[in-house]
Amino acid sequence: MNKTLRIAVTGAVLLAVSACANNRQPPADVPNPGSYTDPNAGSSGGGGVGSAVVPGSQADFVASIQSDTIYFDTDMSNIDENDRVVLQSQAQWLARYPNARVMIEGHADERGTREYNLALGERRANSARNFLASLGVDPSRISVISYGKERPVSLGSDEASWAQNRRAVTVTVQR
């Protein structure tokens with residue numbers, strides 16, 4: 001097979017695979033929900049005191065919700081049923097702590113330009129923000145930031161790695 005035909009076939013296969021991802025689940029090798037390691041744990045402001053979890057902290061947030069991360073299909077920013085369940089658990093936690101603030105980080109995989117991926121990450125973060133707001137969370141408590149492709153959780157250049165990097169992550173903001 002010549003090089004051009006091989007590239008076309010590879011592209012068609014990738015397109016077909018991504019189109020079949022309608023009922024997507026979190027990528028298989030993503031850490032279990034609640035496995036977030038708070039970089040401040042054990043120090044002041046991290047939410048943990050020894051092994052105790054401080055109510056309203058990042059550690060409490062991660063321990064109390066289904067997940068801090070939702071995942072997206074290639075070039076998409078829509079919220080699907082799996083995302084709704086995750087965001088509903090986040091909204092319930094936010095209802096228990098009405099003074100808590102969160103930041104939603106939008107991310108993309110490595111494909112595409114820096115500018116495109118920053119815009120895509122922002123759309124993803126805003127989709128999560130808008131859904132939380134539709135559940136009654138005051139939008140002024142939610143900020144968004146896009147990291148585009150700059151902060152991958154998986155460094156591979158394959159579909160499994162890209163799937164892990166197409167995400168929005170909710171983190172608590174300490175005042």
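Summary value for the stretch 99-175: 48 percent relative contact order, contacts being C-alpha pairs under 8 angstrom separated by 6+ residues. Compared with the direct C-alpha span, the chain from Val54 to Gln88 gains 10.1 nm at full extension, assuming 0.36 nm per residue. Of Asp109, Asp60, Asp158, the sequence from fewest to most neighbouring Cβ atoms within 10 angstrom is Asp158, Asp60, Asp109.
Shape summary of the stretch 68-124, radius of gyration then Dmax from alpha carbon positions: 13.3, 40 Å.
A short reminder: the numbers here are calculations on the coordinates, not readings from a lab. Predicted model only: the values in this text are computed from it and were never measured. Cβ sites come from the backbone with ideal geometry, for glycine too, and all protein chains shown count toward neighbours.
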